[in-house]
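Take a look at the structure below.
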Amino acid sequence: MKNFFALMVSFLLTNSATWAADDMPAKAAMCVGCHGVNGNSSMPGVPSLAAQNARYIYLQLRDYQEGRRDNPMMSPMAAGLTRPEMQELANYFSTQKLSSKGFKADPDKAKLGLAKANETLCAMCHLGEFKGQNEIPKVAGQNFDYVVNTLKAFKAKTRSNDAGNMTSVAGTLSDDDIDNLAHYIAGLN
């Protein structure tokens, strides 16, 4: 994994000028290799940052930096960021347009996912249509695999930087519930 990380960082730093747009912060060039141009990820397990709440992005970067959240790629990336750089990245990605990934949700599973979302009161925090607010993420239109992996991580308590809210809810979900919720959430746009 170390070699992959070193290779990825070298590639991104070498090619950052290729991706840099006039309005893109210099540090954002390191993000596009995984999170996609303008924050629209095409990698299944990697979240899109486009149109995400700025407060949420900032807090996640800070959590990676301070060890409350751990990821072999993100933790080292966030380690050297200053607070103003984190805010600049958060502001930039929050203003980008989330593009459709062409995900085709299974309509029956999405219907069951909506029912589970209503049952577990997801909209109380994530708001209607999972638009998010403040430090609560917008998850509508996120990559299917990312939604599944995140819910499973909260359920397994391997991700816990949420003050216990998601770990509590995810602990009640079956694997089928997670799959159905992911079809519903990833299908929102």
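The values are calculated or read from the model by the stated rules, or taken from the named source; none is laboratory data. Computed from a predicted structure; not experimentally measured. Positions of Cβ are generated from backbone atoms using ideal geometry, with glycine treated the same way; all protein chains shown enter the neighbour counts.
Restricting attention to segment 134-142, does a residue exist that is modelled with pLDDT of 95 or more and loosely packed, with under 15 Cβ neighbours inside 10 Å?
No, there is no match, as no residue in segment 134-142 is modelled with pLDDT of 95 or more and loosely packed, with under 15 Cβ neighbours inside 10 Å.
Consider segment 152-182. How many of its residues are aliphatic (A, V, I, L, M), farther than 13 Å from Thr120 by Cα and surrounded by 14 or more Cβ atoms within 10 Å (Cβ to Cβ)?
The number of residues fulfilling the criteria is 2.
Ala140 versus (1) without any contact (Cβ under 8 Å) to a residue 24 or more places away in the chain; (2) part of a loop (DSSP other than H, G, I, E, B): which is the lone unmet condition?
(1)
Given Thr158, Thr150, which one is among the polar types (S, T, N, Q), in the same structural domain as Ile178 (by TED's automatic domain parsing) and not in a loop (DSSP other than H, G, I, E, B)?
That would be Thr150, the only listed residue that is among the polar types (S, T, N, Q), in the same structural domain as Ile178 (by TED's automatic domain parsing) and not in a loop (DSSP other than H, G, I, E, B).
Identify, please: which residue in segment 38-53 is of a type in the set (Gly, Ala, Ser) and assigned to a loop (DSSP other than H, G, I, E, B) and is, among those, surrounded by the most Cβ atoms within 10 Å (Cβ to Cβ)?
Only one residue fits best here, namely Ser48.
Do we have any residue at all in segment 54-61 that's assigned to a loop (DSSP other than H, G, I, E, B) and in contact (Cβ under 8 Å) with a residue 12 or more places away in the chain?
No, that holds for no residue.
Working only within segment 113-132, note down all residues that are over 15 Å from the mean Cα position of the chain (by Cα) and crowded, with 18+ Cβ neighbours inside 10 Å.
Gly113, Leu114, Lys116, Ala117, Cys122
Let me spell it out: the conditions are (1) under 23 Å from Asn71 (Cβ atoms); (2) modelled with pLDDT of 95 or more; (3) in a loop (DSSP other than H, G, I, E, B), and Lys101 meets all of them except one. Which number is the exception?
(2)
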